[in-house]
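Structure first, then comments.
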Amino acid sequence: MNVETQKVKIFMQKHDNQKRALISILQDIQAEFNYLPKEALQDVAKTLEIPLIHIIGVATFYRSFSLEPRGKHQATVCTGTACHVRGGPKILDEFERKLGVEAGHTTEDRQFTLETVACLGCCAIGPVVVVDNEYFAHTSIREVGSILKKYRKKEKDNE
Ligand code: FES
């Protein structure tokens with residue numbers, strides 16, 4: 001039994017292998033691996049005797065779950081109307097170019113997941129970018145590199 005399988009087993013045992021604890025078990029798996037690995041979902045389906053398709057349905061319904069590996073950092077570019085007219089699409093293009101992934105995906109080194117959002121509710125300071133919980137106001141294309149660098153540096157400092 002590999003480490004991943006063992007951990008998933010422990011999460012299920014914590015909830016007495018109860019079907020009704022499915023969401024809590026998925027939350028534990030998401031917290032541990034930063035996404036829901038397919039093998040983990042297969043283990044859950046088998047042990048809890050829940051069809052895999054049902055588990056995937058639950059996992060795709062809730063935004064907090066991800067079926068794709070997530071990056072350590074989440075960069076979110078607002079593409080709402082107010083940010084759009086102030087250059088949001090160009091900011092997004094620059095993030096995609098610099099990270100080498102399209103919105104909705106994670107870099108190969110799993111450092112960043114790039115997302116878009118329809119509005120962050122702070123239109124006056126657009127275009128807005130959020131990395132993890134830090135907001136960047138009036139973002140320009142030139143700043144994209146330094147924003148990413150800041151988080152890469154944090155990563156190095158924590159090593
Ligand atoms: S449109 Fe970007 S914050 Fe509202």
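The values are calculated or read from the model by the stated rules, or taken from the named source; none is laboratory data. Computed from a predicted model, the values in this text were never measured in an experiment. A quick note on method: Cβ atoms are made from the backbone with ideal geometry, for glycine too, and the neighbour counts reach across all protein chains shown. Calculation scope for accessible area: heavy atoms of the full protein, side chains included, ligands and nucleic acids excluded. Shrake-Rupley method; radii C 1.70, N 1.55, O 1.52, S 1.80 Å.
Residues considered: 121, 88, 126, 80. Of these, the only one that is touching a His at 6+ places or on another chain (Cβ under 8 Å), within 11 Å of the ligand (Cβ to nearest atom) and either over 22 Å from residue 40 (Cα atoms) or among the hydroxyl-bearing types (Ser, Thr, Tyr) (or both) is 126.
Residue-wise test of (1) in a strand (DSSP E or B); (2) modelled with pLDDT of 95 or more; (3) over 20 Å from residue 151 (Cβ atoms).
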site: 32; (1), (2), (3): no, no, yes
site: 55; (1), (2), (3): no, yes, yes
site: 69; (1), (2), (3): no, no, no
site: 76; (1), (2), (3): yes, yes, no
site: 94; (1), (2), (3): no, yes, no
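In region 104-127, the residue that is surrounded by the fewest Cβ atoms within 10 Å (Cβ to Cβ) out of those that are under 15 Å from residue 79 (Cα atoms) and in contact with a helix residue (DSSP H, G or I) (Cβ under 6 Å, 6 or more places away or on another chain) is 123. With respect to being open to solvent by 60 Å² or more (accessible area, probe 1.4 Å), within 19 Å of the chain's Cα centre (by Cα) and in contact (Cβ under 8 Å) with a residue 40 or more places away in the chain, residue 70 falls outside the description.
Might you let me know whether region 55-73 holds any residue that is within 16 Å of the ligand (Cβ to nearest atom) and aromatic (Phe, Trp, Tyr)? Taking every residue of region 55-73 in turn, none turns out to be within 16 Å of the ligand (Cβ to nearest atom) and aromatic (Phe, Trp, Tyr). Scanning region 36-48 turns up at least one residue that is open to solvent by less than 70 Å² (accessible area, probe 1.4 Å), touching a Phe, Trp or Tyr at 6+ places or on another chain (Cβ under 8 Å) and part of a loop (DSSP other than H, G, I, E, B).
Criterion first (touching a residue at least 40 places away in the same chain (Cβ under 8 Å) and part of a strand (DSSP E or B)) does residue 139 satisfy it? Here the answer is no, as residue 139 does not meet what is asked.
It is to be established whether one or more residues within region 137-146 are under 20 Å from the mean Cα position of the chain (by Cα) and among the polar types (S, T, N, Q). No, because not a single residue in region 137-146 is under 20 Å from the mean Cα position of the chain (by Cα) and among the polar types (S, T, N, Q).
If you go through region 78-92 and keep only what is assigned to a loop (DSSP other than H, G, I, E, B) and more than 18 Å from residue 132 (Cα to Cα), you end up with 80, 86, 87.
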